[in-house]
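For reference, the structure is listed below as structure tokens.
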Amino acid sequence: MALYLEETDIKGHEYGPDDPRVTEAVAKIDKMIGRVIKGLKKRKVFSDVHVMLLGDHGMVTNCDKKVIYIDDLADWIKIPADWIKIPADWIQDYSPVLVMNPRWGKVKNPGEKNAEVVAKMNEALRSGKVENGEFLQVYLKEKLPERLHYSDSSRIPPIIGMVGEGLMVRQNRTNVQECYGDHGYDNMFFSMRSIFIGHGPRFRRGKKVPSFENVQIYNVVAEILGLRPAPNNGSSLFTRSLLMPTGETTQVK
């Protein structure tokens with residue numbers, strides 16, 4: 001059985017993770033989880049059931065004072081001899097990841113033009129003349145850090161910008177917005193991490209594991225259920241570090 005409890009995500013997006021209303025949402029979800037555990041204990045199966053509490057991401061507060069405006073880059077983009085202003089219809093998403101798909105029309109080498117746009121954007125962002133520019137790094141998708149696994153699909157647009165933690169990207173200064181919460185930033189940021197708690201007879205009791213990627217969970221579930229996992233990006237070594245071997249169990253009281 002899988003349950004998704006979304007109250008903290010909703011409140012976090014609306015108010016930011018540090019708002020008291022998020023704390024209230026956490027308490028509400030804690031009570032829901034408590035009800036499940038109480039029900040398992042009442043039926044005398046709690047010690048036989050595997051329970052995993054897993055968050056899919058963290059959350060960070062965004063505010064209007066931490067914004068990078070695309071229109072501020074206009075004076076720097078000259079390709080090859082014409083000044084261009086990056087239009088809104090090039091941009092599929094602004095933040096927490098800047099996603100751009102330039103529309104060049106019928107040109108022989110759109111890839112070369114994309115590379116020029118990326119170079120000029122980064123030059124502008126590093127110039128010291130663009131507000132908060134140092135918190136945005138723009139890439140051709142094939143040049144993104146390999147650890148992100150975000151380059152191979154044809155569905156990924158050609159230009160991707162990695163936005164600094166808690167920063168927003170906007171087209172211009174007409175879109176005023178108060179503080180709110182968001183996720184989807186670089187997963188190297190501690191604020192993007194969440195929790196994992198495992199309980200059940202196969203889990204090594206008292207075991208603490210370092211931070212890990214959520215793709216590891218698939219193999220853990222497959223092992224507990226006695227299923228052969230399909231090929232995936234997880235590691236069997238992680239599973240073995242977390243679980244007791246088949247036939248061995250820990251006593252849960």
So, first residue loosely packed, with under 10 Cβ neighbours inside 10 Å in the range 211-234, second residue among the hydroxyl-bearing types (Ser, Thr, Tyr), Cβ within less than 9 Å, six or more apart or across chains; the pairs are GLY226/THR246; ALA230/TYR218
Of the residues in the range 204-225, those that are assigned to a loop (DSSP other than H, G, I, E, B) and either at pLDDT 95 or above or in contact with a helix residue (DSSP H, G or I) (Cβ under 7 Å, 6 or more places away or on another chain) (or both) come to ARG204, LYS207, VAL209, PHE212
Can you find even one residue in the range 136-143 that is in a loop (DSSP other than H, G, I, E, B) and within 27 Å of GLY234 (Cα to Cα)?
no
Mind counting the residues in the range 1-54 that are in contact with a strand residue (DSSP E or B) (Cβ under 8 Å, 6 or more places away or on another chain) and among the aromatic types (Phe, Trp, Tyr)?
1
For residues that are surrounded by 14 or more Cβ atoms within 10 Å (Cβ to Cβ) and β-branched (Val, Ile, Thr), scanning just the range 38-75, find the one that is farthest from PHE135 (Cα to Cα).
VAL49
ASN187 vs (1) in a loop (DSSP other than H, G, I, E, B); (2) modelled with pLDDT of 95 or more; (3) under 12 Å from the mean Cα position of the chain (by Cα): all pass except (2)
Among (1) assigned to a loop (DSSP other than H, G, I, E, B); (2) more than 30 Å from PRO102 (Cβ to Cβ), where does ILE156 come up short?
(2)
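The values are calculated or read from the model by the stated rules, or taken from the named source; none is laboratory data. Values in this document were obtained by computation on a predicted structure and should not be read as measured data. With ideal geometry, Cβ positions are generated from the backbone for all residues, glycine too; neighbour counts draw on all protein chains shown.
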